[in-house]
Amino acid sequence: MTAFFQSLGMSYEWAWFTATIAGILLIALPLMLAVAMVIYVDRKVLGAIMLRRGPNVVGPFGLLQSFADGLKVFLQETIIPSAANRGLFLIAPIITFTVALAAWAVIPFNAGAVLADINVGLLYVLAISSLGVYGVVISGWASNSKYPFFSAMRAAAQMISYEVSIGFILVCVVLWAGTFNLNGIIEGQRGHGFGIVNAYAFNLLLFPMWVLFFISSLAETARAPFDLTEAESELVAGYQTEYSSMSFALFWLGEYANILLMCMLNAILFFGGWLPPFEWEPLYMVPGWIWLFAKTFFFFFLFSWIWATVPRFRYDQLMRLGWKVFLPLSLLFIFLISGYLMLTRWG
Amino acid sequence: MIQVIAFYLFSSIVIAAAAMVIFSRNPVHSVLWLIVAFFNAAGLMVLVGAEFIAMLLVIVYVGAVAVLFLFVVMMLDIDFAELRAGFMKNLPLGILLAIVLVCELILGLGAYQAGKVELGTPDGKAAITDQVPNIEAMGQLLYTKYVFLFEAAGLILLVAMIGAIVLTHRKTFSQRRQNIGQQVRRRPEESIRNEQPEVGQGVEI
């Protein structure tokens, strides 16, 4: 894109600057639209599974429901509790939202279509997603209220626990791909299964890791059955209890942007990203980003399906699953995978 | 040009945030300023081309250590007057520590400018070039030349971890263990019993 702006007669620096800004807008604005539509999909799927209609009033098939909700929230009054810590109370949703958007900088949407093609792309995603916990913790503390504080403590413990196992799972993928660059990881999956299937999930050693990663990404984004941070039967609405209006909407948007990111990571790391599912020439007629979005959407559908069907975990069960099941299992697979690679590739 | 602007932005924020860590009255604010300082230090690392270390700084310190730190500080009930009372008493010690740190910084700078620090490839001759990615370069050093130090560091951490577990893992009287396998194996037939006792008879458990 820099070359395009240079051809308009800009100097290299200005062209780079404009291209970066344009790239950010090109990712962030469609992302917001996608989040709005995905919330609609979530509610529709939930409705279908519960034999309801779901949103069907605003616009054709209720498609504009999320925008109507957005408008409603936008027109509400921002209420700040008198006992709250004002500055931090307002900063917390901004942190959640910004962090949720920042991670998208390294996501490759097609061959070469990536805002920042850095060597440590996967580590960047991990680093940024580990920042997400601050929005929750700060909001819980700054609200100066019991339920948000409980929720914040739960969230901090939950996110740290599952980040550990996610880190180990990512190490497995990185070991196999030999690079931290997300484009490199996708390229490494070309023809991975018998030269036909483009997916790391089609691998006896990496498939269990995908299962762990999928469950961990549910826990990391605090989706059901791990939505203990906002368990409405125990904690009202968790850390969002004291929030209203746009500050609440920012939490909502950030949360769904994070969920989309996790779905996309599932697609990129284990299901070939923008590669078509099979190594077959006619499939390449479809642009890469359509494949990526289709895979992401499939994982999002799984997320809503699980939300509608699986009951919530108890908190000690959640911790047990993270530390006593996922952590040893992912560690074991690091040994297995590096052993296998030493035997076959580097031996 | 952009690098210069970025450098002064990051470094001034680091210094300002570090100052705020000391000067802010609320300990939670202090921790948050510390996090800001960490994050901007990571920015500085990116500027010198050490992107791997920058990411690790964010993942390890900001993402894990500082969260636990924040966690603890939020739960503590700290009396500020008491904390400030010890200020004058500990001032000489603080100044001494500051002097030692400054001396070390000057020493390090001097050693660096003398150019005798052996970094680079395992045989210690060539410097790492830009062609090798950060991670590869670090791995080559860490797992060849410094493998003993690396493993020693790991061992020390392991000992510290075991120590922490030993200190906190005590048998208490109210301790109840949960056997997940047993709970899952339980069936209604074994755990539920229908009884219809006579009036005034009661049931045996």
Worksheet item: If a residue has to be free of Cβ contacts under 8 Å to residues at least 12 places away in the same chain and out of contact with any Phe, Trp or Tyr (no Cβ under 8 Å at 6 or more places or on another chain) to count, how many in the range A:43-58 make the cut?
Response: 8
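For the range A:59-84, which positions are hydrophobic (A, V, I, L, M, F, W, C) and either at negative phi or touching a residue at least 60 places away in the same chain (Cβ under 8 Å) (or both)?
As a first pass, look at the range A:59-84 and keep what is hydrophobic (A, V, I, L, M, F, W, C): A:61, A:63-64, A:67-68, A:71, A:73-75, A:79-80, A:83-84.
Within the range A:59-84, A:Leu63, A:Leu64, A:Phe67, A:Ala68, A:Leu71, A:Val73, A:Phe74, A:Leu75, A:Ile79, A:Ile80, A:Ala83, A:Ala84 meet the criteria.
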Practice prompt. Mind listing whichever residues of the range A:315-330 are surrounded by fewer than 18 Cβ atoms within 10 Å (Cβ to Cβ), touching a residue at least 12 places away in the same chain (Cβ under 8 Å) and either under 22 Å from A:Glu232 (Cα atoms) or not assigned by TED's automatic domain parsing to the domain that holds A:Ala156 (or both)?
Written response: A:Tyr315, A:Met319
Item to complete: Mind telling me which of the residues A:Phe226, A:Phe202, A:Phe213 ends up being in contact with a strand residue (DSSP E or B) (Cβ under 8 Å, 6 or more places away or on another chain) and either of a type outside the set (S, T, N, Q) or assigned to a helix (DSSP H, G or I) (or both)?
Response: A:Phe202
Practice prompt. Tell me which residues, restricted to the range A:128-153, are away from every other protein chain (no Cβ under 11 Å), in a helix (DSSP H, G or I) and surrounded by 23 or more Cβ atoms within 10 Å (Cβ to Cβ).
Written response: A:Gly135, A:Ser139, A:Pro148, A:Ser151
Worksheet entry | A:Phe180 being within 14 Å of chain B (Cβ to nearest Cβ), more than 30 Å from A:Ile91 (Cα to Cα) and buried (at least 22 other Cβ atoms within 10 Å of the Cβ) | yes
Practice prompt. Quick one: count up the residues across the range B:20-40 that are modelled with pLDDT under 90, assigned to a helix (DSSP H, G or I) and among the small types (Gly, Ala, Ser).
Written response: 1
Discussion item. For the range A:95-127, which positions are in a helix (DSSP H, G or I) and either free of Cβ contacts under 8 Å to residues at least 60 places away in the same chain or among the β-branched types (Val, Ile, Thr) (or both)?
Written reply: A:Ile95, A:Thr96, A:Thr98, A:Val99, A:Ala102, A:Val106, A:Leu123, A:Tyr124, A:Val125, A:Leu126, A:Ala127
Worksheet item: Looking at (1) within 14 Å of chain B (Cβ to nearest Cβ); (2) surrounded by fewer than 19 Cβ atoms within 10 Å (Cβ to Cβ); (3) touching a residue at least 12 places away in the same chain (Cβ under 8 Å), which is the one condition that is false for A:Phe89?
Response: (2)
Worksheet item: What are the residue pairs meeting all of these: first residue in the range B:1-19, first residue within 14 Å of chain A (Cβ to nearest Cβ) and surrounded by fewer than 13 Cβ atoms within 10 Å (Cβ to Cβ), second residue of a type in the set (A, V, I, L, M, F, W, C) and in a helix (DSSP H, G or I), Cβ atoms under 7 Å, and 6 or more apart or on different chains?
Response: B:Gln3/B:Leu47
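Can we say A:Ala83 is part of a loop (DSSP other than H, G, I, E, B), assigned by TED's automatic domain parsing to the domain that holds A:Ile290, out of contact with any Asp or Glu (no Cβ under 8 Å at 6 or more places or on another chain) and more than 23 Å from A:Val174 (Cα to Cα)? Give the steps one after another, and end with the answer.
Details: part of a loop (DSSP other than H, G, I, E, B): yes; assigned by TED's automatic domain parsing to the domain that holds A:Ile290: yes; out of contact with any Asp or Glu (no Cβ under 8 Å at 6 or more places or on another chain): yes; more than 23 Å from A:Val174 (Cα to Cα): yes.
When the stated conditions are applied, A:Ala83 passes them.
Considering the range A:258-291 alone, what residues qualify as being part of a helix (DSSP H, G or I), touching a residue at least 12 places away in the same chain (Cβ under 8 Å) and over 14 Å from the mean Cα position of the chain (by Cα)? Don't jump to the end; show me each part of the working.
Here is the first cut: in the range A:258-291, the ones part of a helix (DSSP H, G or I) are A:258-270, A:281-285, A:288-291.
Checking the rest, the ones that are also touching a residue at least 12 places away in the same chain (Cβ under 8 Å) come to A:258-270, A:288-289, A:291.
Of everything in the range A:258-291, those that are part of a helix (DSSP H, G or I), touching a residue at least 12 places away in the same chain (Cβ under 8 Å) and over 14 Å from the mean Cα position of the chain (by Cα) turn out to be A:Phe270, A:Gly288, A:Trp289, A:Trp291.
Given the options A:Thr229, A:Thr309, name the one that is surrounded by fewer than 20 Cβ atoms within 10 Å (Cβ to Cβ) and polar (S, T, N, Q).
Working: A:Thr229 fails: surrounded by fewer than 20 Cβ atoms within 10 Å (Cβ to Cβ).
Sole residue among the options that is surrounded by fewer than 20 Cβ atoms within 10 Å (Cβ to Cβ) and polar (S, T, N, Q): A:Thr309.
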Item to complete: Might you check whether a residue that is in contact with a Pro (Cβ under 8 Å, 6 or more places away or on another chain), in a helix (DSSP H, G or I) and either surrounded by fewer than 14 Cβ atoms within 10 Å (Cβ to Cβ) or basic (Lys, Arg) (or both) occurs anywhere in the range A:47-67?
Response: no
Worksheet entry | Pair list, Cβ < 7 Å and 6+ apart or interchain, from the range B:185-205 residues that are surrounded by fewer than 10 Cβ atoms within 10 Å (Cβ to Cβ) to residues that are not hydrophobic (A, V, I, L, M, F, W, C) | B:Val203/B:Glu195; B:Val203/B:Pro197
Practice prompt. Go through the range B:23-44 and give me each residue that's over 19 Å from A:Ser130 (Cα atoms) and small (Gly, Ala, Ser).
Written response: B:Ser24, B:Ser30
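B:Val46 - would you say it is over 14 Å from the mean Cα position of the chain (by Cα), among the aliphatic types (A, V, I, L, M), assigned to a helix (DSSP H, G or I) and away from chain A (no Cβ under 12 Å)? Steps first, answer last, please.
Values: over 14 Å from the mean Cα position of the chain (by Cα): yes; among the aliphatic types (A, V, I, L, M): yes; assigned to a helix (DSSP H, G or I): yes; away from chain A (no Cβ under 12 Å): no.
No; evaluated as a whole, the condition is false for this residue.
Is the range A:105-120 home to any residue that is in the same structural domain as A:Ser161 (by TED's automatic domain parsing), among the hydrophobic types (A, V, I, L, M, F, W, C) and closer than 24 Å to B:Val31 by Cα? Steps first, answer last, please.
Within the range A:105-120, the subset in the same structural domain as A:Ser161 (by TED's automatic domain parsing) is A:105-120.
Of the ones still in play, those that are also among the hydrophobic types (A, V, I, L, M, F, W, C) are A:105-107, A:109, A:111, A:113-116, A:118, A:120.
Narrowing the set further to residues that are closer than 24 Å to B:Val31 by Cα leaves none.
Looking through the range A:105-120, none of the residues is in the same structural domain as A:Ser161 (by TED's automatic domain parsing), among the hydrophobic types (A, V, I, L, M, F, W, C) and closer than 24 Å to B:Val31 by Cα.
The values are calculated or read from the model by the stated rules, or taken from the named source; none is laboratory data. Note that this is a predicted model, so its numbers are computed, not measured. No Cβ is skipped: glycine too gets one built from the backbone with ideal geometry, and neighbour counts run over all protein chains shown.
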